Amino acid sequence: MNLYKQRNSRNGLLQPKWTVELKDHLSIKRRFAAFKDKNASRSFGNQLERLVAFRAAGRTLDIELINWLESLPDKMIKRLHTIGLIDNETSTATMPLMIAQKANKSVPQALNITLQVDTFTTTRSTCNQKNLPTAISNKLLPILPEP
């Protein structure tokens, strides 16, 4: 990972933000605009390196990395998804619910809800009886079959 400040092409002055440069899981050089603070930018770069390592090894992300991804702006999540560092499920899981709903048209997928036959009957009447959070049950009821 390289950490540096780029020069403005018009006037030759240094940009206020640091730039993180690293190779992704496909060995392609990528540059990311980071922060004005060098230590925060270094931490950002370290997390990106961890993400690349997880992706290259084909492992699932650990909870610490998922929490970090959730703290990133939507624009960065989309970029990481575009270059293949995170998959569609991970990018959807880190988006706010309303954006995920528009992207996938399916609230259960956006929330990664798995309906298990032995513990949950997929009918409207049992959905109301299971004490699901109101926001989830209101979104599930229109798509569940009538009893």
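Computed from the coordinates by the stated procedures, all read-outs in this text should not be read as laboratory data. Please read these numbers as outputs of a predicted model, since none were measured by experiment. Neighbour counts run over all protein chains shown; Cβ positions are idealised from the backbone, glycine included.
Just a few scattered comments:
- Among the residues making up region 35-76, those that are β-branched (Val, Ile, Thr) and surrounded by 14 or more Cβ atoms within 10 Å (Cβ to Cβ) are 52, 66.
- Number of the condition not met by residue 24 [criteria: (1) free of Cβ contacts under 8 Å to residues at least 40 places away in the same chain; (2) of a type in the set (Asp, Glu); (3) surrounded by 15 or more Cβ atoms within 10 Å (Cβ to Cβ)]: (1)
- Strands (runs of 3 or more DSSP E) within region 1-61 that include 3 or more residues more than 18 Å from the chain's Cα centre (by Cα) and farther than 14 Å from residue 85 by Cβ: 2-7, 14-23
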